[in-house]
Amino acid sequence: MTEESTGRKAAEIATRLGTAAAGASLGLAVAGPLGAIGGALLQEALSQAGPRLMDAVNRRRSQAAAQVIAVGADTAGMGLDTFSDTIESSAELLALLAETVQAAMETPLEAKIYALGVCLGTGVEDDTRVDAARLRVRGLARIEPQEAKLMALLDQPNPNGRDPWLGWNRAEILERLPGLSEALDACIALLVAEGLATDRGLGAWGGGGPGKEQWILTAFGTECLRLLQALTPASE
C-alpha cells in the first residue's frame, strides 16, 4: 500500500470510527457580550470568515486523527482494516482510541501526534498494556510546545557545577528559556499535576522554596519525553 493510499485509508477509518463527530462546530450567539460587536462585522464572520476558518480547523483535526490511526496501525504491525476491527471489538480499546484521537486533534505538535499513535498501537497490539497506554496518552495530552521545551531542559544535567542529581531552579530555567517568563509557573504546575516533573529539593536540607527549587523530570516524565523525541521521518 502506497503512502498516499495508506493516508486515505486511515482517513476513511477515522471517519468510520466516529472521529469526525469530534470536529469543531461554529456557533456564534448574537446576544450577550457578542452583541457589542458591530452587526456588519458579526454577519461577515458568520457568513464568510467563520465557516472558512472552521473548515480549516476541521481539516486539520481530521488529518491528525488519520495520522494517529496510521501510526497506531504501523506500531501494532497490523493492516488498517484489522487494526480498526480490533479496536471496534473492545470497549477498552475504543476508550483508548477516543482519548488518543482527541489529544491528537488538539495539538500542533507532529511529534506528539506520532507519540500518541505509538501509545495507541501499543495498546491495540497487547491488550494487557491498554491501561498503561491510556496513562501515557493522558500525560502526553497536556504537553504542548512550551511544556515540551521545558521538559527537554529539565532532562539535561544542570551545568552550574552542582551535584549531578540536582535539578534546575527558576532563574536557571529562565536563563535558558526566557520566553517562558510569563508562563513558567503554569507550565511547572501542569507538569507536576500530571506527574511529569517534581521539585527534588522539597524536604531536602537547604532545598525547596523560592530560588532553591530543584526541578527535574520524574521517570514518567522522562518516558513521555522519549516518546515525543521518537518522531520518525516517515511521519513528518
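The values are calculated or read from the model by the stated rules, or taken from the named source; none is laboratory data. Only a predicted model underlies this, so the values are computations on that prediction, with no experimental measurement involved. Heads up, the Cβs are rebuilt from the backbone with ideal geometry, glycines too, and the neighbour counts pull from every protein chain shown.
Inside region 180-199, residues that are more than 27 Å from LEU231 (Cα to Cα) and not in a loop (DSSP other than H, G, I, E, B) make up a count of 2. Of the helices (runs of 4 or more DSSP H) that lie entirely inside region 93-179, those containing 3 or more residues that are free of Cβ contacts under 8 Å to residues at least 40 places away in the same chain and either among the charged types (D, E, K, R) or outside the structural domain of LEU217 (by TED's automatic domain parsing) (or both) span 130-141, 170-176.
Checked against the criterion of being surrounded by 24 or more Cβ atoms within 10 Å (Cβ to Cβ) and at pLDDT below 95, the candidates ALA56, ALA65 yield just one match: ALA65.
Is it the case that LEU150 is at pLDDT 95 or above, farther than 20 Å from LEU184 by Cβ and surrounded by 23 or more Cβ atoms within 10 Å (Cβ to Cβ)? Judged against the criteria, LEU150 is not a match.
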